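Chemist: First the structure, then my questions, so here it is.
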Amino acid sequence: MIHLTRKLLSGITLAAMLGITTVSTQAATLHMAWSQDATGLDPHKQTAFSSLRLLELIYEPLVRVDASLQIIPAIATSWEFSKDGKELTFRLDPKAKFQDGTAVTSADVKASFERILDEKTGAAARANFLSIASIDTPDAATVVFHLSQPDVPILTAMSDVNAAIVPASEIKAGSIGTKAVGSGPFKLDKWDPNAKEVLSANKDWAGGATGVDGIEISVLPDEAAILAAMRTKQIDFALLNDPLVATLVPKEASLQLNRVPVLSYHVLQLNPSRKPMTELKVRQAIPCAIDRQEVLDTASLGEGKVTGPLTIPALATDPSQLFCYKRDVEKAKKLMAEAGFADGFSATVIGATGEPPTAAAEAQVIQSQLAEIGVKLDIKMMELNVYVDAWLKGDFDMAIALNGGRADPYTMYNRYWTKAGNLQKVANYIDDTLDSLMQKGRAETDPAKRKVIFAEFEKHLAEVSPWIWLYTSYSYTAQQKNIAGFVPTPTGTLFSLSKVTIQQ
Amino acid sequence: MNYLMRRLAAFPLVLLGVSILVFVAIRMVPGDSITAMLGTEAGLLTPAQRDSLAAYFGIDQPWFVQYWRWISGILHGNLGISVTYGRPVLDVILERFPLTLELAVLSMIIALIVGLPAGIFAATHNEKPSDLGVRVVAMIGQSTPSFVLGLLIIYTLSAGFGVLPAMGEFAPLWQDPLRNLGQLILPAITLGFAFAASVTRISRSAMLDVLSDDYVRTARSKGAPARSVIWRHALPNALIPVVTLSGIEFGYLLGGAVIVEQIYALPGLGRMVLDAILQRDYALVQGSVLFIALNFMIVNLLVDLAYVALDPRIRLGEQ
């Protein structure tokens, strides 16, 4: 007891000395922290994870996806494909208003998509909307997209904040990116890059009242410091990247960890244009020599799930049904010998330092596993931008990557595995079967038939092994236990913060 | 005076050299502002989209045009615009600098208050157990990385006592001095610990040297009290290497303490430069490196001038 009292007293003295209080949470403002800040405010240009998480609190797309990846209304209350799949009509919510008080109309939708499609904008998401031939606005609340070919995945692509609807007047004024005027649940009052964001509730939001009056986001670059700040109740809610920090959260009595498997996937990319990965049998030997569960357990403390190419729960095949998902070193050695590489070969594997935090550990486990079949891996860790540069040029033998997932397999993979894919140079692998299955999946509107098409795609992709899919990890958020109403989703969105409340 | 003028006249030349170095170095690193913003999604851009973004970031021109634009801007007092902040580079730097300066001053005060007496104490107790004790602590101080110490302090305070300085929102000194001090004292201790260890070691060895000098022996034989021998006779001479060390360390600290700023989430120069490099904000990297170089040169000059004050025998600039 004496010990406790002393500890308490010294704590209070220390707190007084440091000019701080132990409880600083204000009732209606959510104090949030993350380690990486948004990199910009233009919803059509930003692709960084934190930027998207911030912008989807401010801007709204036509539709959204829910926690089970089903399309739900956002600015549009309803939508419909024409029978031939070449016309997509949206009805807009008459209550939808921008934060400057003006109504969201079909003209804003048209202007927003024209901006995305304009090459001068530099919107990476433009690639998802190339099938849009023209946009009609029969009245202020109706938008019709005319497509050059049936394009079912376009609806999912429209749920992304990269397809956010911005005011036509702001586009004209050229102020997108310097001023954030959306129709979402929060308004951005202040942004001090790499330091702080202050958001306040948008009282006019068509989605109803928000659960908190505002959100203050602090950028705390060290995640161990985020956890420390949560212990002392300075922070109510935080986004965490590092599984090592996330697994410490449940040890704190007042904190709760939310985790959900995400769509992005950890993968070992081979470069099939470089010898000896040009040989199918060499490529196939590699997954046979890798124990994916061991990679997951060692690099990521088992925090994740072994996955095949498809990470969308409704479409994914049980990985054990795919090619060589059970480690078989003998089979791997046999394949290597058949390909004429019984003695193995040497290769370099590249990885980005800290992105993901597990990259180096993954490379090391794989290095030791592949050594058993004579493959000598040299690990080269690089700063993220240097890595991205080499990756985009396809300048690597092998690469450890954490690639983003999408709610639709076509949007997720057409960039790599179709002949006209923008990142075909990164994948360096052309395959007629993969290409034709992608095109079929794009045009098919029946969900059951799509599932069959993509299952075949997944099976074939695992068999030809241009890449070795390892595992999907979790997206982590940590919160005080008095925060209620947050719904974690596989896309990692923080949109449900709009309905979060702070219990007293 | 002549010496001062000559040193000041060399400043522009050195800065020109630094400007070329930083300009070339940051452009030699693979990746650019576009890949920094878009990551792997940059691969989805068409050539026309890429050109348009390059124009936006100001990297569409040949390097010599970019360099000329930058340098001629500087001559007009304009360091360029940061693409991350959307504001003039100088404004962003000047906003971050007070914190860095304050942190550097605080850690230097801690280092000198702790390190100097400890060094003198060790020297006057040469080879005694207490000297050994001081040396061991100094050795630990020098070899403990600041991130270990920083995280240890944060963990102990938050897990052991449930307290921590307010993180995330920094209060400038002139707005809320108490809160400001509360936020800076732990980072200053983290930085000052290793700094103090160096000061201890260097002042100990300098003091030992001086204490064996003839004039100190003379002072002692004339019956000067021990305290006066140390503080009046020996210390001023022993201070010269301490001033050199402190000057260099202080110059480094003015460039920002990246790791400590990261751990304690302080919006200082170090973190700003690191983020600018990661985001390939060329104007901001270039501007801040020039600014840091200028600071370093000023501190070096002040250190040289301090020698004269400490030792009248030194005449700067004279052959």
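Throughout, read-outs are computed from the coordinates displayed, never taken from laboratory work. What you see is a predicted model, and the numbers here were worked out from it, not measured in a lab. With ideal geometry, Cβ positions are generated from the backbone for all residues, glycine too; neighbour counts draw on all protein chains shown.
Chemist: May I ask for the net charge around A:SER254, where only other residues with Cβ less than 10 Å from the Cβ of A:SER254 are counted and Lys, Arg are +1 while Asp, Glu are -1?
Modeler: Details: positive: A:ARG231, A:LYS233, A:LYS481; negative: A:GLU252.
After counting each charged neighbour, the total is +2.
Chemist: Counting only helical runs of four or more DSSP H residues, what would the 222 nm mean residue ellipticity of chain A come to if each run contributes -39,500 (n - 2.57) and the total is spread over all its residues?
Modeler: -9000 deg cm²/dmol
Chemist: How big is the Rg/Rh ratio for segment A:408-504, C-alpha atoms only, Rh by Kirkwood, two decimals?
Modeler: Values: Rg = 18.8 Å, Rh = 16.2 Å.
Across segment A:408-504, the Cα-based Rg/Rh ratio is 1.16.
Chemist: Another one. If eta is 1.002 mPa s and T is 20 °C, what Stokes-Einstein diffusion coefficient results for segment A:246-390, Kirkwood Rh from Cα pairs, in µm²/s?
Modeler: 128
Chemist: Between A:GLU87 and residues 5 or more places away or on another chain, which pairs have amide H atoms under 5 Å apart, with H built 1.01 Å from N, and which residues are they?
Modeler: So A:GLU87 has HN proximity to A:SER82, A:LEU147.
Chemist: From the phi angles alone, apply the Karplus equation (6.51, -1.76, 1.60; θ = phi - 60°) to segment A:118-130 and give each ³J(HN,Hα) in whole Hz, x where the residue is Gly or Pro.
Modeler: 5, 4, 5, 5, x, 7, 5, 6, 3, 4, 7, 10, 5
Chemist: Quick one: what does P(r) look like for segment B:228-278 with 5 Å bins over all Cα pairs, in whole %?
Modeler: Reading the bins upward from 0: 5, 19, 17, 13, 11, 9, 8, 8, 6, 2, 1.
Chemist: Under the Kirkwood approximation applied to all pairs of distinct alpha-carbon atoms, what is the hydrodynamic radius of segment A:76-220 in Å?
Modeler: When all Cα pairs of segment A:76-220 are included, the Kirkwood radius is 16.5 Å.
Chemist: Still on this structure, I have one more. Taking N as the number of residues in segment A:216-275, what is its alpha-carbon radius of gyration divided by 2.2 N^0.38 Å?
Modeler: Segment A:216-275 yields a ratio of 1.58.
Chemist: Need the C-alpha centroid separation for segment A:457-471 versus segment B:268-319, integer Å.
Modeler: 54
Chemist: Debye sum, Cα scatterers, segment A:72-151, no solvent: what log₁₀ I/I(0) at q = 0.15, 0.18, 0.19 1/Å?
Modeler: Debye curve over Cα of segment A:72-151, log10 I(q)/I(0) at q = 0.15, 0.18, 0.19 Å⁻¹: -0.56, -0.79, -0.88.
Chemist: Between A:SER254 and A:ALA140, with labels modelled 7 Å along Cα→Cβ, what's the label distance in nm to one decimal, could you check?
Modeler: Going from the A:SER254 label point to the A:ALA140 one covers 5.0 nm.
Chemist: At a Förster distance of 51 Å, what's the computed FRET efficiency of A:VAL452 paired with A:THR178, Cβ-Cβ distance as r, to 0.05?
Modeler: About 0.60, to the nearest 0.05.
Chemist: If you take every DSSP beta bridge fully contained in chain A, what fraction is antiparallel? Give it as a percent rounded to 5. Let's see the in-between values first.
Modeler: Working: 55 of 74 bridges.
In chain A, DSSP labels about 75 percent of beta bridges as antiparallel.
Chemist: Report the percentage of all Cα-Cα pairs in segment B:164-250 whose separation exceeds 19 Å, rounded to a whole percent.
Modeler: It works out to 57 percent of all Cα pairs.
Chemist: Give me a single rounded figure for B:176-187: the average over its residues of other chain Cβ atoms within 10 Å of their Cβ.
Modeler: Per-residue shielding by partner chains comes out at 2.
Chemist: Principal axis lengths of segment B:7-73 from Cα atoms, whole Å, largest first?
Modeler: 52, 19, 14
Chemist: Now for a different question. Using the alpha-carbon centroid of each, what span in Å lies between segment A:190-213 and segment A:88-139?
Modeler: Computed from Cα coordinates, the inter-centre distance equals 23 Å.
Chemist: I've got another one for you. Pick out, from B:VAL14, B:VAL89, B:GLN66, the residue whose Cα sits farthest towards the positive end of the charge dipole of segment B:4-106, with +1 on the Cβ of Lys and Arg and -1 on the Cβ of Asp and Glu.
Modeler: B:VAL14
Chemist: Another question, then. Return the tail of the calculated pair distribution for segment A:160-304, meaning the percent of Cα-Cα pairs more than 27 Å apart.
Modeler: 51
Chemist: Follow-up question, since we're still on this one. Once the Cβ-Cβ distance between B:ALA48 and B:ILE20 is put in as r, and R0 is 22 Å, what FRET efficiency do you end up with, to the nearest 0.05?
Modeler: The calculated FRET efficiency here is 0.10.
Chemist: Where does segment B:98-310 land on Rg(C-alpha)/(2.2 N^0.38 Å)?
Modeler: Segment B:98-310 yields a ratio of 1.17.
Chemist: So for segment A:150-201, what are the equivalent ellipsoid semi-axes in whole Å, largest first, each being the square root of 5 times an eigenvalue of the Cα gyration tensor? List each step's numbers first, then the result.
Modeler: Values: eigenvalues 130, 46, 22 Å².
They are 26, 15, 10 Å, listed from largest to smallest.
Chemist: Hey, what angle do you get for helix B:47-57 against the long axis of chain B, alpha-carbon based, 0 to 90 degrees rounded to 10?
Modeler: 40
Chemist: With the contact rule set at Cα under 8 Å and sequence spacing of 6 or more, what percent relative contact order holds for segment B:98-310?
Modeler: Here the relative contact order equals 28 percent.
Chemist: Could you work out how far apart the two model spin labels at B:VAL29 and B:ASN300 are, taking each label as a point 7 Å from the Cα in the direction of the beta carbon, and quote it in nm?
Modeler: Spacing of the two 7 Å Cα→Cβ label points: 2.3 nm.
Chemist: Same structure again: With labels modelled as points extended 7 Å from the Cα through the Cβ direction, what inter-label distance (nm, one decimal) is found for B:TYR252 paired with A:LYS331?
Modeler: Calculated label separation equals 5.5 nm.
Chemist: Would you mind getting the Kirkwood hydrodynamic radius of the protein assembly as shown from its Cα pairs, rounded to one decimal in Å?
Modeler: 29.8
Chemist: Taking R0 as 30 Å, what's the FRET efficiency between B:LYS128 and B:ARG220 from their Cβ-Cβ distance, rounded to 0.05?
Modeler: With R0 = 30 Å, the Cβ-Cβ based efficiency is 0.95.
Chemist: Largest first and in whole Å, what are the equivalent-ellipsoid semi-axes of segment B:113-194 based on the Cα gyration tensor, each being the root of 5 times an eigenvalue?
Modeler: Semi-axes from the Cα gyration tensor: 31, 16, 10 Å.
Chemist: Continuing with the same structure: Checking the table A:LYS86/A:LYS419; A:LYS275/A:LYS305; A:LYS86/A:LYS110; A:LYS110/A:LYS440 against a 19 Å threshold on Cα-Cα, which pairs fail?
Modeler: A:LYS86/A:LYS419; A:LYS275/A:LYS305; A:LYS110/A:LYS440
Chemist: Output wanted: per-residue J couplings in Hz (rounded whole) for segment A:448-458, from phi through Karplus 6.51 cos²θ - 1.76 cosθ + 1.60, θ = phi - 60°, x for Gly and Pro.
Modeler: Working through the residues one at a time gives 5, 5, 4, 4, 5, 4, 6, 5, 5, 4, 5 Hz.
Chemist: Over chain A, what relative contact order in percent results from Cα pairs under 8 Å that are six or more residues apart?
Modeler: So the answer I get is 19 percent.
Chemist: Sticking with this structure for a sec: Could you list B:THR156, B:THR100, B:THR244 in order of exposure, starting from the residue whose Cβ has the fewest other Cβ atoms within 10 Å?
Modeler: B:THR156, B:THR244, B:THR100
Chemist: Same structure, new question: Rounded to the nearest 500, what is chain B's calculated 222 nm mean residue ellipticity when only DSSP H runs of at least 4 contribute -39500 (n - 2.57) each, over all residues?
Modeler: About -24000 deg cm²/dmol.
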